[in-house]
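Inspection log for the structure reproduced underneath, given as structure tokens.
The values are calculated or read from the model by the stated rules, or taken from the named source; none is laboratory data. Being a predicted model, the structure only gives us computed values, none of them experimental. Neighbour counts are summed over all protein chains in view; Cβ atoms, including those assigned to glycine, are modelled from backbone coordinates with ideal geometry. To get the accessible areas, we keep the full protein, side chains included, count just its heavy atoms, and leave off ligands, DNA and RNA. Shrake-Rupley method; radii C 1.70, N 1.55, O 1.52, S 1.80 Å.
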Amino acid sequence: MADDGLAHHRRDPIKSSVGNVAAQRRRQNAVTVGKERRESLVRAKRLCRVGTSGDSEVSIDNDMMIDEEQSILETQASSAVEELKSAVVYQGKGAMQKRVSALRELRRILSRSEFPPIEASLKAGAISFLVQCLSFGSPDEQLLEAAWCLTNIAAGKQEETKALLPALPLLIAHLGEKSYLPVAEQCAWALGNVAGEGDELRNILLSQGALPPLARMMLPNKGSTVRTAAWALSNLIKGPDPKAATELIRVDGVVEAILRHLKKADEELATEVAWVVVYLSALSNIATSILVKSDVLQLLVERLATSNSLQLLIPVLRSLGNLVAGDSNTSCAILVPGHEITDKVIEVLVKCLKSEHRVLKKEAAWVLSNIAAGSVEHKQLIYSSKALALLLRLLSTAPFDIRKEVAYVLGNLCVAPTQGDAKPNLIQEHLVSLIGRGCLPGFIDLVRSADPEAARLGLQFMELVLRGMPNGEGPKLVELEDGIDAMERFQFHENEDLRNMANGLVDKYFGEDYGLDVSTE
């Protein structure tokens, strides 16, 4: 079951009114990161416009017409496939060079535009000829051109990517250590595009043995091949099933390579490796336990402290959050109050909260929400840090998705872990302080939102205020901020949980007797 691999990654919530939906949202977060990655910074599938080897012979011509009409490109693609068919059949003098020239022409056509003529190439029968050109014993130049064509076909739509099924065994076979390195890298790129398409093709690749050779390609110290292999691996292991992530972490040398790349690699390679860590730590209990026993936390924190690359900071921050969001024993082991690394974690999260990039603010708040869901000592870490003032400001000024993440942090700061399903023990000092610093309107705004999760979070915090403020002043505070009106909108709400929560609070704290004991002038 997919959930078996994800459950560890999201700490069971404290049994509190604020925390009781945290586990589900953390689990969803792990799976949807692939979609976020595709839509934002790093495409799950990549078109190859320039050769992997850096050799001018296989590089795209500078004077190519990128803006050629699509119909012209399609016609050219069909003609190029016909030429390739003739070249594959031809057995006379110069046959090899004839095949390479035909492959190069098709590759150039598939590389000219952001929207290559893939459909026309497939209709002309390109796959069967490209597979023949991948046969063992073929010249490296021929293998490279054929793999490059397949790479760009795999970057197309789902049905176009599926057309590569007959080519997969040969692409995997050419990942071997005896292969010419540019050929192996190009094959890894093609396979990365196939894996990026989704679970069905990813599982086929895994069943055909793509993971071990890709893992071995990630072991050297540097080079574009290592980067491409890491990217392909992150696509290959990111499905909801944890088996691939567990298999990868068990490959000899992988953990050491991850640590080495995070420590010493340039930011581009470190970014791809960090995405591998994201999926390892999101999906596999075994991978997470191995990673937390290594130096990976220290290296992630160092990257967060020293880098300004958004492409790198996002997966590094997400990896850090995944590790912190493990089970309570894990988080307590790696975040010990008073230890230098723990203080450094809070520092780098503060840095991210101050960032101009909303995605970093949201990710940092998500990490802090996991820390805040932990022990009283962990809550105190955040409460006494520079993060608190930033969180309070973000609750009232940030975009909605960030405000919701921030609300989880602040809400969890106000309750202590309890056993069983008992109501949470309030940390009254934190609650009084946060109310005094003006956070209640922000939570009531969440109650008014159309987002059920945010509304529930707002109602849960309102319950803490109504129940926990000293001298029974909670109801008055809620009333002053129009909290009664906010709750009454749920009187006939279609969501039964929200309707019962809101109506229950109104009945309990604002019933017929409310205000009768207040003296009038």
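All told, TRP148 falls short of being among the hydrophobic types (A, V, I, L, M, F, W, C), in contact (Cβ under 8 Å) with a residue 60 or more places away in the chain, open to solvent by 20 Å² or more (accessible area, probe 1.4 Å) and in a helix (DSSP H, G or I).
If ILE127 meets every condition in (1) over 36 Å from the mean Cα position of the chain (by Cα); (2) open to solvent by 10 Å² or more (accessible area, probe 1.4 Å); (3) under 29 Å from GLU69 (Cβ atoms); (4) not polar (S, T, N, Q) apart from one, which number is that one? Evaluating ILE127 over (1) over 36 Å from the mean Cα position of the chain (by Cα); (2) open to solvent by 10 Å² or more (accessible area, probe 1.4 Å); (3) under 29 Å from GLU69 (Cβ atoms); (4) not polar (S, T, N, Q) leaves (1) as the failure.
Among the residues of the range 262-277, write down those that are out of contact with any Gly (no Cβ under 9 Å at 6 or more places or on another chain), over 13 Å from SER319 (Cβ atoms) and in a helix (DSSP H, G or I). Full working, then the answer.
Going through the range 262-277, the residues out of contact with any Gly (no Cβ under 9 Å at 6 or more places or on another chain) turn out to be 262-268, 270-277.
Filter once more, so that each one left must be over 13 Å from SER319 (Cβ atoms): 263-268.
Selection gives LYS263, LYS264, GLU267, GLU268.
Candidates in the range 277-289 are the residues that are open to solvent by less than 10 Å² (accessible area, probe 1.4 Å) and β-branched (Val, Ile, Thr); of these, the one that is farthest from LEU320 (Cα to Cα) is THR288.
Show me the helices (runs of 4 or more DSSP H) found entirely inside the range 175-235 where at least 3 residues are buried (at least 23 other Cβ atoms within 10 Å of the Cβ).
181-195, 211-217
In summary, helices (runs of 4 or more DSSP H) completely within the range 95-137 and bearing 2 or more residues that are in contact (Cβ under 8 Å) with a residue 40 or more places away in the chain, farther than 18 Å from PRO169 by Cβ and basic (Lys, Arg) occur at 95-111. Here LEU426, LEU395, LEU413 are screened, and the one residue that is more than 27 Å from the chain's Cα centre (by Cα) and either of a type in the set (A, V, I, L, M) or surrounded by 21 or more Cβ atoms within 10 Å (Cβ to Cβ) (or both) is LEU426. Only one entry of LEU47, LEU110, LEU103, LEU84 meets the criterion of being modelled with pLDDT of 95 or more and under 21 Å from PRO166 (Cα atoms), and that entry is LEU103.
A quick yes/no check of all residues on (1) at pLDDT 95 or above; (2) farther than 22 Å from LYS362 by Cα; (3) surrounded by fewer than 17 Cβ atoms within 10 Å (Cβ to Cβ):
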{"position": "LEU262", "(1), (2), (3)": "yes, yes, no"}
{"position": "THR271", "(1), (2), (3)": "yes, no, no"}
{"position": "TRP275", "(1), (2), (3)": "yes, no, no"}
{"position": "VAL292", "(1), (2), (3)": "no, yes, no"}
{"position": "ALA305", "(1), (2), (3)": "no, no, yes"}
{"position": "ILE314", "(1), (2), (3)": "no, no, no"}
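Being in a helix (DSSP H, G or I) and surrounded by 14 or more Cβ atoms within 10 Å (Cβ to Cβ) is the filter here, so list the residues in the range 498-515 that pass it. Those that are in a helix (DSSP H, G or I) and surrounded by 14 or more Cβ atoms within 10 Å (Cβ to Cβ): LEU498, ARG499, MET501, ALA502, ASN503, LEU505, VAL506, TYR509. Scanning the range 300-312 for residues that are out of contact with any Leu (no Cβ under 6 Å at 6 or more places or on another chain) and aliphatic (A, V, I, L, M) gives VAL301, LEU304, ALA305, LEU310, LEU312.
The set of residues in the range 236-260 that are open to solvent by 40 Å² or more (accessible area, probe 1.4 Å) and closer than 20 Å to ARG303 by Cβ comprises GLU256, ARG260. The residues of the range 335-355 that are assigned to a helix (DSSP H, G or I) and open to solvent by 20 Å² or more (accessible area, probe 1.4 Å), listed by number, are GLU340, ILE341, ASP343, LYS344, GLU347, LYS351.
Name the residues in the range 363-379 that are assigned to a helix (DSSP H, G or I) and surrounded by fewer than 22 Cβ atoms within 10 Å (Cβ to Cβ), would you? Spell out the reasoning first.
Step one: filter the range 363-379 for residues assigned to a helix (DSSP H, G or I), giving 363-372, 376-379.
Listed by number, the residues that qualify are VAL376, GLU377.
Any residue that is of a type outside the set (Asp, Glu) and over 17 Å from the mean Cα position of the chain (by Cα) - is there at least one of those in the range 307-319?
First, pick out the residues of the range 307-319 that are of a type outside the set (Asp, Glu): 307-319.
Now drop any that are not over 17 Å from the mean Cα position of the chain (by Cα), which leaves 307-308.
The answer is yes; a qualifying residue exists.
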